[in-house]
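Single-structure report; data block below.
Just so it is clear, none of the values below were taken in a lab; they were calculated from the coordinates. Everything quoted here is computed from the prediction, not taken from an experiment. Note that we place each Cβ from the backbone using ideal geometry, even for glycine, and neighbour counts take in every protein chain shown.
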Amino acid sequence: EAQVTQNPRYLITVTGKKLTVTCSQNMNHEYMSWYRQDPGLGLRQIYYSMNVEVTDKGDVPEGYKVSRKEKRNFPLILESPSPNQTSLYFCASRGLMGTEAFFGQGTRLTVV
Amino acid sequence: SQQGEEDPQALSIQEGENATMNCSYKTSINNLQWYRQNSGRGLVHLILIRSNEREKHSGRLRVTLDTSKKSSSLLITASRAADTASYFCATALGGGADGLTFGKGTHLIIQP
């Protein structure tokens, strides 16, 4: 089954404690992206990757890092989380430019 | 930057009625896509319309695209309670640009 898998689904952490949210896709997609969703702001892109070892900033990259060492994985790293990073995060993947995106089920992060 | 803007922000109709949502965008696009999101879950792709297409159908969904006005509409006919969700338009710019850019969404409520 084609899918994008994010882990964990829920995470509560404290300010400053490094965390990683994993994302894996089984469709051999070139594109992978991370979005955050906040009430009234919709989905905003954090980072995206067009292929292995190729990543670029989206609209709201501050405070986040990503890596793309393998085509299937695209982890999101928060080196020093802050409360303003409390949000619902989605990973997405898609094939050649312009095709439909497949989304993970989301990670609800709370930073206290 | 927010490329697509959906209108209205919220819509409540009776079951069986048609629901129309609009999306406006700012720059030239390769294609425009519509997604549905059930509360707090991942987005699900509904339909894609390319820049050289004017109308597309999929089941009870009808999408139009007017590139001269930089706008699109999504019509859901004979609405059902299960159509209650948030609907997002997303634009793909093409030309090697980044991933999909989403609007803030229209929250649709179908009253039984």
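Residue-wise HN-Hα couplings along the range B:48-53, as the Karplus relation 6.51 cos²θ - 1.76 cosθ + 1.60 with θ = phi - 60° gives them from phi, are 10, 10, 7, 5, 9, 10 Hz; Gly and Pro carry x.
Give A:Lys65/B:Lys26; A:Lys57/B:Lys104; B:Lys56/B:Lys104; A:Lys17/A:Lys57; A:Lys18/B:Lys26 a once-over and call out the pairs whose C-alpha atoms are over 27 Å from each other. The pairs that break the limit, which is 27 Å between Cα atoms, are A:Lys65/B:Lys26; A:Lys18/B:Lys26.
Which cross-chain or sequence-distant (5 or more) residues have an amide H under 5 Å from the amide H of A:Ser67, H modelled 1.01 Å from N in plane? Hits under the 5 Å cutoff: none. Between A:Val14 and B:Ile109, the C-beta separation translates, for a Förster distance of 25 Å, into a calculated FRET efficiency of about 0.10.
Take every residue in peptide A:28-40, count the Cβ atoms of other chains within 10 Å of its Cβ, and give the average of those counts. Write down the numbers at each step before the final one.
Details: counts 0, 0, 0, 4, 1, 3, 1, 4, 0, 8, 0, 1, 2.
What the average comes to for A:28-40 is 2.
With +1 on each Lys and Arg Cβ and -1 on each Asp and Glu Cβ, and nothing else charged, work out how big the dipole of the protein assembly as shown is about its Cα centre, in Debye to the nearest 20. Mind dumping the intermediate values first?
On the way: 25 positive and 20 negative charges, 72 e Å.
It comes to approximately 340 debye.
From the C-alpha gyration tensor of the range B:5-111, pull out the three semi-axes of the equivalent ellipsoid (sqrt of 5λ each), sorted largest to smallest, in whole Å. Could the numbers behind the result be given before it?
Details: eigenvalues 107, 42, 27 Å².
Square roots of five times the eigenvalues give 23, 14, 12 Å.
Computed from the C-alpha gyration tensor, the three semi-axes of the ellipsoid equivalent to the protein assembly as shown are 29, 20, 15 Å, from longest to shortest. The dipole here belongs to chain A: it is taken about the Cα centre, uses +1 on the Cβ of Lys and Arg and -1 on the Cβ of Asp and Glu, and is about 280 debye.
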